[in-house]
1. Give the Rg (one decimal place) followed by the Dmax (whole number) of chain A, computed from C-alpha coordinates and expressed in Å.
2. Go ahead and run the numbers for FRET between residue A:110 and residue B:9, Cβ-Cβ distance against an R0 of 51 Å, rounding to 0.05.
3. State, as an integer percentage, the relative contact order of chain A based on alpha-carbon contacts under 8 Å between residues 6 or more apart.
4. What list do you get for A:70, A:140 if you sort them by fewest beta carbons within 10 Å?
5. Where a ≥ b ≥ c are the square roots of the eigenvalues of the C-alpha gyration tensor, would you call region A:59-117 rounded, which needs a/c under 1.5, or, failing that, prolate if a/b is larger than b/c, or oblate?
6. Please build a GNM for chain B, connecting alpha carbons under 10 Å apart, and tell me which residue among B:59, B:90, B:77 fluctuates the most.
7. Tell me, what is a quarter of the convex hull surface for the C-alpha atoms of region B:21-60, in nm² with one decimal?
8. Tell me the angle of helix A:48-64 to the major Cα principal axis of chain A, expressed in degrees between 0 and 90 and rounded to the nearest ten.
């Protein structure tokens, strides 16, 4: 009789070694970075909703870097994303060498009021709201002429 | 950004063929929507059933498309995948549009 397959390799698969993804800013940098990053998370076998949340939050952070830290009028620059698995989720650190955040701090990420005249419906301001709403422990610092954004993304590893 | 358009008696269906409406294609999407809705029925149903990912820029582009229709015309959304639906719910933009789970449901409800 064959012995039952051991399930330890499956368990081990779910432990992720820290990794980094590097891209250069530009129009397709965000898609490229997301694809690379999500590919590295594949061993975690995240469900579609969790993977979607991670993709969305990271997309918003990266869009902001590509649009504001490295504006089109200036040169492109490096973006580094570092991911470390912790017991309470994924610690993600994003570094760039572009312009600092206005006032050196994170936007509040509040939604504009809706309702009333349809012509006044906001078309923007959703990005930081989504980041603040879906990520935990979001922090920003300017260190040695670099922007460093840290956040924790909760994932369940059942 | 590829959009497929089908015009019925009372409404026009615009189906997004791409899997993503993100910052890379938001402006293109807005322009394509304008081209597809420039004239024609007052009611537009945007079929999002092929869209697997939308970010804040894509969301903003859909809101802009709705606003550019003016006061007398309407944009309804149909076929939102769970990931896309969640972005609309979180930002409360689901309250600004008529949202239908499926295109078929939208068409029968909206009287086509």
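Coordinate-derived values only; no laboratory data. Values in this document were obtained by computation on a predicted structure and should not be read as measured data. Using ideal geometry, Cβ is built from the backbone for each residue, glycine included, and neighbour counts are taken over all protein chains shown.
1. For chain A, the Cα radius of gyration and maximum Cα-Cα distance read 18.2, 73 Å.
2. Efficiency at R0 = 51 Å is approximately 0.75.
3. Here the relative contact order equals 24 percent.
4. Starting with the residue having the fewest Cβ neighbours, the order is A:140, A:70.
5. In terms of gyration-tensor shape, oblate.
6. B:90
7. Seen from a random direction, the Cα hull of region B:21-60 projects 3.1 nm² on average.
8. Between the helix axis and the principal axis of chain A, the angle is about 40 degrees.
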